[in-house]
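K.L.:
Below is a structure I'd like to ask you about.
What follows draws every value from the coordinates through simple rules; no lab data is involved. Here the structure is a predicted model, which is why all the values come from computation and not from measurement. Using ideal geometry, Cβ is built from the backbone for each residue, glycine included, and neighbour counts are taken over all protein chains shown.
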Amino acid sequence: MALLVCVGYSGVMVPATAYAAESIGYVDLNTVFAHHPDFASARAAMNLEQQKAQKEFQEKAPSLDDNGKRALDNTLTEQIAKREQDLFNPIRKKILDAVHKVAKEKGIDVVLTSSAVVEGGTDMTNDVLKAVGAK
């Protein structure tokens, strides 16, 4: 017996066939991310980085022409993006590793984000929260 799964992107529904032998789980990644033990400190560090960049821009911008302001803005934006990757990519990796671990333990073959699920599937969110050490 085959199970018909519709995957939508930009309002277009594309049918995909999955076999009934495959089990499907889902995770609310936003919840897991927000409750990850390292999230609060990473967010605080990002806020500090953004404040620092804003202060630097405000100090240097008055002496720059429009091109200089754009260049400074681009440089600071790139620095913030790099810092964000440095802070949050390790958290993302830990979460994805936990998702893989929980899926394997539960015998789940396919894992979706909770926002992609309309009905059915196994909610793995609490198990993933435990696996990442969320409080």
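K.L.:
Using Cα positions and a limit of under 20 Å, work out the lysines in reach of residue 104, with same-chain residues fewer than 8 apart set aside.
P.N.:
Result set, ordered by chain and number: 93, 94, 130.
K.L.:
If you don't mind, there's one more thing I want to ask. What aspartates and glutamates does residue 52 reach when the alpha-carbon gap must be under 18 Å and sequence neighbours fewer than 8 apart in one chain are set aside?
P.N.:
Straight-line reach from residue 52, under 18 Å: 73, 78, 84, 86.
K.L.:
Kindly list the residues of the stretch 78-99 that lie in the label zone of residue 50, defined by a backbone N under 18 Å from the point 7 Å along the Cα-to-C-beta vector.
P.N.:
The answer is 78-89.
K.L.:
For residue 55, go through the lysines and keep the ones whose alpha-carbon is under 25 Å away, minus same-chain ones fewer than eight residues off.
P.N.:
Answer for residue 55, where 25 Å is the Cα cut-off: 69, 82, listed by chain and number.
K.L.:
Calculated FRET efficiency, residue 135 and residue 112, Cβ-Cβ r, R0 25 Å, to nearest 0.05?
P.N.:
Rounded to the nearest 0.05, the efficiency is 0.45.
K.L.:
Pull out the extension gain between residue 34 and residue 64, defined as 0.36 nm times the separation in residues minus the alpha carbon to alpha carbon distance; nm, one decimal.
P.N.:
6.9 nm
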